[in-house]
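Peer 1: Pasting in a structure now, in structure tokens, and then I'll have a few things to ask.
The values are calculated or read from the model by the stated rules, or taken from the named source; none is laboratory data. Computed from a prediction, not measured in an experiment: that's the story for all the values here. Ideal geometry is used to build each Cβ from the backbone, glycine not excepted, and the neighbour counts take in all protein chains shown.
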Amino acid sequence: MTNSPVTTDLPRRGVLVGVDHGRKRIGLAVTDVNQTMALPLTTLVSKSPQHDAPLLRQVRDDYCAVGWVVGLPLHMSGDESAQSQLVRKFGIWLAEITERPVIYWDERLTSSAAEAILWSLGESPSRNKARIDGLAAQAILQAYLRDRPAVPL
């Protein structure tokens, strides 16, 4: 790992885990090893750092994760909020407890996109909050894969 737990880029090969961090739940998604697509994984019920740490390390180990893409909640203007600061602290903690690098990625509108997917499937978003978090993590991760800077030649 680099000196800083938070980085500006992640390894280009290996499984990445997308994270939609909330106060009650943590939505997770994973990429394939070649990082061509993201799939929703699960939603963890967040209780405390002592409860969450072993679960997140287990995800790291089960999927041989090489890094984390944590959704950063921003206002529509692009400015950070109080929630952004909580997510940044979570990201630093996540990098420390899993010994894997973290990058933050704009998560604006990912929950809305996840809700739209559920509506299109004929499912009620209000009855599927945990699924929304996993789908939002997938949207964050897929946006990272699509928009991250190209590898210099």
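Peer 1: Of everything in segment 93-112 that's assigned to a helix (DSSP H, G or I) and at pLDDT 65 or above, which residue is surrounded by the most Cβ atoms within 10 Å (Cβ to Cβ)? Quick ask: steps written out before the conclusion?
Peer 2: To start, the set of residues in segment 93-112 that are assigned to a helix (DSSP H, G or I) comprises 93-98, 110-112.
Narrowing the set further to residues that are at pLDDT 65 or above leaves 93-98.
On the way: 93: 16, 94: 26, 95: 22, 96: 13, 97: 16, 98: 21.
The qualifying residue surrounded by the most Cβ atoms within 10 Å (Cβ to Cβ) is 94.
Peer 1: Out of all the residues in segment 41-53, is one or more part of a helix (DSSP H, G or I), touching a helix residue (DSSP H, G or I) at 6+ places or on another chain (Cβ under 8 Å) and exposed (fewer than 15 other Cβ atoms within 10 Å of the Cβ)? Spell out the reasoning first.
Peer 2: Within segment 41-53, the first condition is being part of a helix (DSSP H, G or I), and the residues that meet it are 49-53.
Imposing the further condition that a residue be touching a helix residue (DSSP H, G or I) at 6+ places or on another chain (Cβ under 8 Å) reduces the set to 49, 53.
Subsequent filtering for residues that are exposed (fewer than 15 other Cβ atoms within 10 Å of the Cβ) retains 49.
Yes: one or more hits.
Peer 1: Just checking, which of 79, 62, 52 is under 15 Å from the mean Cα position of the chain (by Cα) and free of Cβ contacts under 8 Å to residues at least 60 places away in the same chain? Before the answer, list the steps.
Peer 2: Values: 79 fails: under 15 Å from the mean Cα position of the chain (by Cα); 62 fails: under 15 Å from the mean Cα position of the chain (by Cα).
Exactly one residue qualifies, and that residue is 52.
Peer 1: Sort out which residues of segment 54-72 are touching a strand residue (DSSP E or B) at 6+ places or on another chain (Cβ under 8 Å) and either over 21 Å from residue 13 (Cα atoms) or not in a helix (DSSP H, G or I) (or both), and write them in order of number.
Peer 2: Of everything in segment 54-72, those that are touching a strand residue (DSSP E or B) at 6+ places or on another chain (Cβ under 8 Å) and either over 21 Å from residue 13 (Cα atoms) or not in a helix (DSSP H, G or I) (or both) turn out to be 55, 64, 65, 66, 67, 68, 69, 70, 71, 72.
Peer 1: When you go through 18, 67, 71 one by one, which is the residue that is in contact with a His (Cβ under 9 Å, 6 or more places away or on another chain) and buried (at least 17 other Cβ atoms within 10 Å of the Cβ)?
Peer 2: 71
Peer 1: Tell me yes or no: at least one residue of segment 20-35 is of a type in the set (S, T, N, Q), assigned to a loop (DSSP other than H, G, I, E, B) and modelled with pLDDT under 95. Outline the logic, then answer.
Peer 2: If we filter segment 20-35 for residues that are of a type in the set (S, T, N, Q), which is where we start, we get 31, 34-35.
Applying the additional criterion that residues be assigned to a loop (DSSP other than H, G, I, E, B) yields 34-35.
After this cut, where a residue has to be modelled with pLDDT under 95 as well, the list is none.
So far as segment 20-35 goes, no, none of its residues is of a type in the set (S, T, N, Q), assigned to a loop (DSSP other than H, G, I, E, B) and modelled with pLDDT under 95.
Peer 1: Could you grab me the full set of residues in segment 16-31 that are under 15 Å from residue 93 (Cβ atoms) and among the charged types (D, E, K, R)?
Peer 2: Of everything in segment 16-31, just one residue is under 15 Å from residue 93 (Cβ atoms) and among the charged types (D, E, K, R), namely 23.
Peer 1: Right, another one. Those residues that are over 17 Å from residue 20 (Cβ atoms) and of a type outside the set (Val, Ile, Thr), I need them from segment 61-74; list them, please.
Peer 2: 61, 62, 64, listed by residue number.
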